[in-house]
Structure formats: C-alpha cells, structure tokens
Amino acid sequence: MPPKLHGKGHHHKIPRNYCFGCGVDNKEGMRLKFVYDPEQHSMVARIRLASRFTGPPGHAHGGVIATILDEAMGKVMKIHNVIALTSRMDVQYLRPVPLQQTLIAEGKPKTHRGRRYWTVAEIRNQEGQVLARSKGVFVRIDPMQKFGKHLEKMLKRVGKNFKD
C-alpha cells in the first residue's frame, strides 16, 4: 500500500511552514498545494497565478515558473517517503505562462539510485498544452543533521520539545 500523501510542508514536526513555494504560513509565498494522483503516480497542483508574479506583461516571471517546477519535483519525494533537496535542475520555457488562468503543475518520479532521485515536472494550461517543463536531481538528506539546530530553535519559540 503506498504511503498516505498530502500537499503539506516538508516535515510533519515543523510547527510553522514558511516555505516560499508551499508554506501556508508565508503570507508572501505561493502556497502551492500538491496532491497525489495514484493513476498517474504523480504529484499535481491546480494553480492560478496572481498579477504579483508578473514577468512579461500578462505572464509569469521565469523565476516563478522555475519555483513551481522545483516544488512539483520536490513533492515527488513524498512518493518515495524521503526528504531530499534540489541538486540540479534544468528548465525549458516553451511558451509564456499566463497569469489569472487555471494551470496544472505535475511532478513525476523517473528513477533513483542510492541518495539520488531523478524527477520531471511540467506546467500545462487547461487545454493540456505544455508551457514549461523541467528535469531535476534531488539528494536525500537527514533533516536533523542538516537543519536540526534551526528546527530546535523554531520549536523552542513555540514551546515544543523536538523529541515529542
């Protein structure tokens, strides 16, 4: 049975999620919500970009597009039940990505070997036309080793013991 997947944050013990891409506690962020699609074995989000993400007139900034693709690929790590960080990412901007229209972002696993995970993602319009796509490599980490001191500080501020 595959793991129960959700679109929330990267680690269930973090009291607040300020991630720019998916953090519900980041008022300036994108608050992307990905869900698992068992039929496609992928992570999918329906998004509508506000005008604050403008690059060219009426369209998304390239960095915002890259952020969405990075999040889509990063959420694939939930399928593997690991925490991994982006090591390398290649983006292809195929067509301008419009603002104020429903878009679909989807990330899929390709393969993995050891600590390395290869993924792909794309952003499509409602007609299914691919507007941008990416491929990336993610490296599995031990979050306590990498970010433990920061996590413990966060938890102390909210009065929780990390070991709970």
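One table, with the values for the structure above:
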item	result
Test: residue in the range 96-105 that is surrounded by fewer than 18 Cβ atoms within 10 Å (Cβ to Cβ) and within 19 Å of residue 35 (Cα to Cα)	yes
Residues within the range 80-125 that are of a type in the set (A, V, I, L, M, F, W, C) and touching a Ser or Thr at 6+ places or on another chain (Cβ under 8 Å), tallied	6
Failed item, numbered, when residue 57 is tested on (1) surrounded by 21 or more Cβ atoms within 10 Å (Cβ to Cβ); (2) at pLDDT 95 or above	(1)
Within the range 34-50, tally of residues that are at pLDDT below 95, within 17 Å of residue 125 (Cα to Cα) and surrounded by fewer than 18 Cβ atoms within 10 Å (Cβ to Cβ)	1
Unique residue being modelled with pLDDT under 95 and surrounded by 12 or more Cβ atoms within 10 Å (Cβ to Cβ) when the list is 73, 89, 154	154
Scope the range 112-131; condition touching a residue at least 24 places away in the same chain (Cβ under 8 Å), under 15 Å from residue 45 (Cβ atoms), assigned to a strand (DSSP E or B) and not aliphatic (A, V, I, L, M); matching residues	119, 122, 125
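The values are calculated or read from the model by the stated rules, or taken from the named source; none is laboratory data. Note that the structure is predicted; figures quoted are calculated from it, not measured. As a convention, Cβ positions derive from the backbone with ideal geometry for all residues, glycine included, and neighbour counts pool all protein chains shown.
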